[in-house]
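Below is one structure; the comments refer to it alone.
The values are calculated or read from the model by the stated rules, or taken from the named source; none is laboratory data. If you're wondering where the values come from, they're calculated on a predicted model, not measured in any experiment. With ideal geometry, Cβ positions are generated from the backbone for all residues, glycine too; neighbour counts draw on all protein chains shown.
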Amino acid sequence: MKKGLLIVLSGPSGVGKGTVRKQVFKDSSLNLVYSISMTTRPPRPKEIEGVDYFFVDKETFLKGIENGNFLEHAVFVGNYYGTPKFYVESLREQGKNVFLEIEVEGAKQVLSKYQDDPDVLSIFLLPPSIEELEKRIRGRRSEEEEIIQERLNKAKREMTLKNQYQYTILNDNIKRASDEIRDIIRKRLNKK
């Protein structure tokens, strides 16, 4: 059995990574599986344990870092986020194409560990503009003004890193952006 792809979708907070991912996953022929991240932040309304994230306490997370159990990890707005290493690699060994939807700092860590792996795809999702990104973040109505400003400042810095990815996709239209990502994955699978 061929080892599966590792697909890294990244971009600033609020760019629509989750929405685009859900559209991409509608194509069952791509044999995609979503890599669930672990976090210490509390669930948002409608988020489900083991579907959106593995929600854990800080002590559990720190023990995981100490034991080298993460492909990447980061602290953002006071909360820890990380990708469980064993979970991802066991899925790839089963021939599944593992899809990581992660923040930019985490993507940098993953891509540095897999820089010689030809079965890794890196995709940066760009917002149409910083103004549109702000509108999306504010539309969540889930964060204080200070957090919104922190997210926007971080997004501006992150967008300067887009050239470190194999592909940059503009998310000005969810269907078009999703179709573009599906085409990229399909082409890479056809080369295997």
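A few remarks follow.
- Enumeration of residues in segment 72-99 that are hydrophobic (A, V, I, L, M, F, W, C), buried (at least 16 other Cβ atoms within 10 Å of the Cβ) and either modelled with pLDDT under 95 or not in a strand (DSSP E or B) (or both): A74, F76, V88, L91
- Number of residues in segment 47-71 that are surrounded by fewer than 16 Cβ atoms within 10 Å (Cβ to Cβ), of a type in the set (G, A, S) and either in contact with a Phe, Trp or Tyr (Cβ under 7 Å, 6 or more places away or on another chain) or closer than 17 Å to V110 by Cβ (or both): the value is 1.
- Within segment 8-21, residues that are more than 17 Å from S129 (Cα to Cα) sit with their Cβ atoms under 8 Å from residues that are of a type in the set (D, E, K, R), at 6+ positions apart or across chains, in these pairs: L9/K17; L9/R21; L9/E101; G18/E101; R21/E101.
- Qualifying residues in segment 1-29 (those that are surrounded by 20 or more Cβ atoms within 10 Å (Cβ to Cβ) and among the aliphatic types (A, V, I, L, M)) - the one farthest from R157 (Cα to Cα): L5
- Residue identified as aliphatic (A, V, I, L, M), closer than 18 Å to V24 by Cβ and not in a helix (DSSP H, G or I) among I184, I169: I169
- S112, sole failed condition from (1) assigned to a helix (DSSP H, G or I); (2) among the hydroxyl-bearing types (S, T, Y); (3) in contact with a Ser or Thr (Cβ under 8 Å, 6 or more places away or on another chain): (3)
- Qualifying position, being over 24 Å from N79 (Cβ atoms) and either touching a residue at least 24 places away in the same chain (Cβ under 8 Å) or surrounded by 14 or more Cβ atoms within 10 Å (Cβ to Cβ) (or both), among Q109, Q166: Q166
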